[in-house]
1. What number comes out for accessible area per residue over the chain if the probe is 1.4 Å? Units Å², please.
2. Starting from the Kirkwood Rh over alpha-carbon pairs, what translational D in µm² s⁻¹ does the chain have by Stokes-Einstein at 25 °C and 0.890 mPa s?
3. To the nearest 10 degrees, how steeply does helix 40-69 sit against the main Cα axis of the chain, on a 0 to 90 scale?
4. List the GluC sites (Glu not before Pro) within the stretch 1-66 that fall in a DSSP loop (any state other than H, G, I, E or B) and whose Cβ has at most 13 other Cβ atoms within 10 Å.
5. Quick one: with all protein chains in place, what share of the accessible area of the chain is carbon or sulfur, to the nearest percent (1.4 Å probe)?
6. Per residue of the chain, what 222 nm ellipticity follows from adding -39500 (n - 2.57) for every DSSP H run with n ≥ 4, rounded to the nearest 500?
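The values are calculated or read from the model by the stated rules, or taken from the named source; none is laboratory data. Quantities reported herein were computed from a predicted structural model and do not represent experimental measurements. Cβ: placed from backbone, ideal geometry, glycine included. Neighbour counts: every protein chain shown. Calculation scope for accessible area: heavy atoms of the full protein, side chains included, ligands and nucleic acids excluded. Shrake-Rupley method; radii C 1.70, N 1.55, O 1.52, S 1.80 Å.
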Amino acid sequence: EAKASNSKKDFARYFDIALKSANETKYWLCLLRDLGKADKIEIGRILAETSEISNILASSLLTMRRRKEV
């Protein structure tokens, strides 16, 4: 969806939405893990990958915002 954005601001907004979704996913994965409703090893692997995606999105957003201010 971000590729179809009409402006840089719109592009950054899609990244912001994706970051919020990734953070919400981390919340639900932690809840599943802590309640014992899923395989802890598998949840741990998925959680690590989701955290990595969150970090990439956050870093990209920071870069976009810094470039916008320049």
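1. Numbers: 5620 Å² over 70 residues.
It amounts to 80 Å² per residue over the chain.
2. Working: Rh = 13.3 Å.
The estimated diffusion coefficient comes to 184 µm²/s.
3. Tilt relative to the chain: about 10 degrees.
4. On the way: sites: GLU1, GLU24, GLU42, GLU49, GLU52; in loops: GLU1.
Here the GluC sites (Glu not before Pro) that fit, given the DSSP loop and packing criteria, are GLU1.
5. Values: 3190 of 5620 Å².
It is 57 percent, rounded to a whole number.
6. Working: 2 runs with 58 residues, N = 70.
That comes out to -30000 deg cm²/dmol.
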